[in-house]
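For reference, the structure is listed below as structure tokens.
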Amino acid sequence: MKAEARAVLLRWIALGRKWIGELSRSSTLDLDQLAQRQGCTRRHVDRVIGYAFLAPDIVTAIAEGRLPRGVTASVLADAPMLWSEQWRAIGLEQPSR
């Protein structure tokens, strides 16, 4: 993953986490309102929020530039919710701790 793409992805992860926090703190804010407030589409909000649920060790691997070539933001956007399954979805074994 190129440095620019990695920086964008890390920004989306942080933004997704921020938006999840905003949504959980507000009983009235919904995804459509969030999208309107951010000046983007609901689909974009959905996608960015999905990055907030990446496994912490995958986020670390992204930050350190350790993901193999071919693992892109699109691949990670479709990652399953289970962290162990996320590693398999990108074609890697979860590192042992």
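The ratio of the alpha-carbon radius of gyration of segment 1-54 to the globular-protein estimate 2.2 N^0.38 Å is 1.16.
VAL59 sits among other residues whose Cβ lies under 13 Å from its own Cβ, and their net charge, with Lys and Arg +1 and Asp and Glu -1, is +2. Kindly write out, for segment 32-44 in residue order, the coupling ³J(HN,Hα) from the Karplus curve 6.51 cos²θ - 1.76 cosθ + 1.60 (θ = phi - 60°), rounded to whole Hz, with x marking Gly and Pro. For segment 32-44, the Karplus-derived couplings read 5, 5, 4, 4, 4, 4, 7, x, 9, 8, 4, 4, 5 Hz, x marking Gly and Pro. Basic side chains Lys and Arg get +1 at the Cβ, acidic Asp and Glu get -1 at the Cβ, and with that the dipole of the chain about its Cα centre reaches some 240 debye. Label points 7 Å out from Cα along the Cβ direction at GLN38 and ASP78: separation in nm? Result for the modelled spin labels: 2.1 nm.
Projecting label points 7 angstrom from Cα along Cα→Cβ for SER27 and PHE53 puts them 2.5 nm apart. This ranking places SER27, SER84 by how few other beta-carbon atoms lie within 10 Å of each, fewest first, which gives SER27, SER84. The ranking of VAL75, VAL59 by Cβ neighbour count inside 10 Å, starting from the fewest, reads VAL75, VAL59.
Direction-averaged shadow area of the convex hull around the Cα atoms of the chain, nm²?
Here the figure is 6.6 nm², rounded to one decimal.
Would you be so kind as to identify which of ALA3, PRO68, LEU82 lies farthest towards the positive end of the dipole of segment 3-89, taking Lys and Arg as +1 and Asp and Glu as -1 on Cβ and the Cα centre as origin? The listed residue farthest towards the positive side: ALA3.
Every number in this text was worked out from the coordinates using simple rules, so none of it is lab data. This is a predicted model, so every value here is computed, not measured. Note that each Cβ is placed from the backbone with ideal geometry, even for glycine, and that neighbours are counted across all protein chains shown.
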